Structures are given as C-alpha cells and as structure tokens.
Amino acid sequence: MPVLLPLFYLPPIDWFAEFLKEDSQIILEQFENFPKQTYRNRTNIYGANGKLSLIIPMNHNGTRLITEIEVSTRDKWQNNHWKSIKTAYQCSAYFEYYEDQLAEIYTFKKKNLFAFNRNALEIILKILKTEKQFSLSTEYFRNPEAEDLRTAFSPKIETTLELPEYYQTFSDKLGYLKNLSILDLVCNKGPESLTYLKNIQSK
C-alpha cells in the first residue's frame, strides 16, 4: 500500500512507526508548500527541564516550495541544536555509541531544508540498522491515490498510537514524555529501538 508522508526534522516516534511498516510503500512529499509550525523544521527532545523544541530558522527568500526552502545561516543554530542534544542525552544509555554518527547531521553543508532532513533521515536509518526503502513524489497531488498522511502528524495534536513507556534520562525526575524525536528513543533504547517501533500498535 503506497503511503504519502511529509519529510520531518528528526521525526517523532509515531512518524517512524508508520514509515517502518513492513507492508507499506513509502513516498516522501517533495512538492508541497512549506507549512508553518510543523515537524518539518522542528523536533522535540527531553531536556533537563522537560520537553525542549529545537527549531530550524528559515531564510525567507520568497519561495514556499519545500525543496526550495533554505535554512538560515544566522545564530549558529546547528551548533546550538547539537549542544542541546549533547546536554540532554550525554548521560543516556546509548548516546556515546551513536555520538559520532549523530554529530554528522550537524556538519551538513547545504542550506536546503529538505536535503538537510533527508540526510538526517539516512543517518538515523543507519543507526536503526534498517534498509527500509522510500521514494520521492514526482508531482503534487491534492487528492493522491496513496494513503495521504501529509497532515497526520502535528506538534499540536497528541498521537493516537499506543506508545509503550520506556526509560528516559530525566523520567525519574519529570515523568515519561510521549512521542518525542526519534533521537530520544535511540539514545535510551539503542539496538532495541527498531523492535520497539515495529511493535507499536494503532488504537
């Protein structure tokens, strides 16, 4: 079954659960207009004070096509995001095993948001040790034949999936936070992450 997904910045766990379904043929949308306040340029991690949103600043160059959106070079956001991730996960069980690979996400040189997100996705797939294939859309369809999940994931709406609790670095202090970035899962569950994702059930 073809499934049309948006491409996110270090996507949340529910997105990955959908992406990794064995019977699905994944198509990533590359002809949509960039919508604001979505996971396309933000990811949520577990910081020392709770949920922390890392947002990629955009360079407003007049275009809205997702593949032409550029990230800003101001504010050294890549350094800041990486510093926040290290602070959040350096004491997690598996961060040291993946640190070098994760660091490569933030040495990516192209300004293009879509290319940046795709490179980050490829790195995460290597960490998960999965060769799940995907393709890119060839044009924009308002009503595609594929299952359309382009608006199914939102930072403002709680996921409908059953996501089993797992130990998080600050959960003893602040409790379990549901459906954070894939980073949170791999840093805390390591090699078990792929099995966890494949076992997620819909309500």
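The values are calculated or read from the model by the stated rules, or taken from the named source; none is laboratory data. Remember, predicted model here, so these are calculated numbers, not experimental data. All Cβ positions, glycine included, derive from the backbone under ideal geometry; neighbour counts span all protein chains shown.
Here's the yes/no breakdown for (1) under 16 Å from the mean Cα position of the chain (by Cα); (2) closer than 16 Å to H81 by Cβ; (3) in a helix (DSSP H, G or I); (4) of a type in the set (D, E, K, R):
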| residue | (1), (2), (3), (4) |
| --- | --- |
| A115 | yes, no, yes, no |
| I123 | yes, yes, yes, no |
| N143 | no, no, no, no |
| S154 | yes, no, no, no |
| E158 | yes, no, no, yes |
| Q168 | no, no, no, no |
Pull up region 53-69, narrow it to residues that are touching a Lys or Arg at 6+ places or on another chain (Cβ under 8 Å) and surrounded by fewer than 17 Cβ atoms within 10 Å (Cβ to Cβ), then point me to the one that is modelled with the lowest pLDDT. N59
Is region 182-192 home to any residue that is out of contact with any Lys or Arg (no Cβ under 9 Å at 6 or more places or on another chain) and either over 17 Å from L10 (Cα atoms) or not in a helix (DSSP H, G or I) (or both)? yes
Confirm whether L10 is surrounded by 19 or more Cβ atoms within 10 Å (Cβ to Cβ), at positive phi and among the hydrophobic types (A, V, I, L, M, F, W, C). yes
May I ask you to list the residues in region 50-77 that are under 30 Å from G175 (Cα atoms) and either without any contact (Cβ under 8 Å) to a residue 60 or more places away in the chain or not in a loop (DSSP other than H, G, I, E, B) (or both)? G50, K51, L52, S53, L54, I55, P57, W77
Neighbours by Cβ (under 7 Å, 6+ apart or cross-chain): first from region 120-147, within 15 Å of P2 (Cα to Cα); second assigned to a helix (DSSP H, G or I): K132/F19; K132/L125
Which condition from (1) over 14 Å from the mean Cα position of the chain (by Cα); (2) outside any loop (DSSP other than H, G, I, E, B) is the one that A17 breaks? (1)
Which of the residues belonging to region 82-102 are closer than 28 Å to N61 by Cα and among the hydrophobic types (A, V, I, L, M, F, W, C)? W82
Candidates E139, E96 - the one that is closer than 30 Å to Y167 by Cα, among the acidic types (D, E) and out of contact with any helix residue (DSSP H, G or I) (no Cβ under 6 Å at 6 or more places or on another chain): E96
Residue hits (region 84-102; out of contact with any Cys (no Cβ under 6 Å at 6 or more places or on another chain), under 15 Å from D184 (Cα atoms) and either free of Cβ contacts under 8 Å to residues at least 24 places away in the same chain or not polar (S, T, N, Q) (or both)) are I85, K86, A88, Q90, C91, A93, E96, Y97, Y98, E99, L102
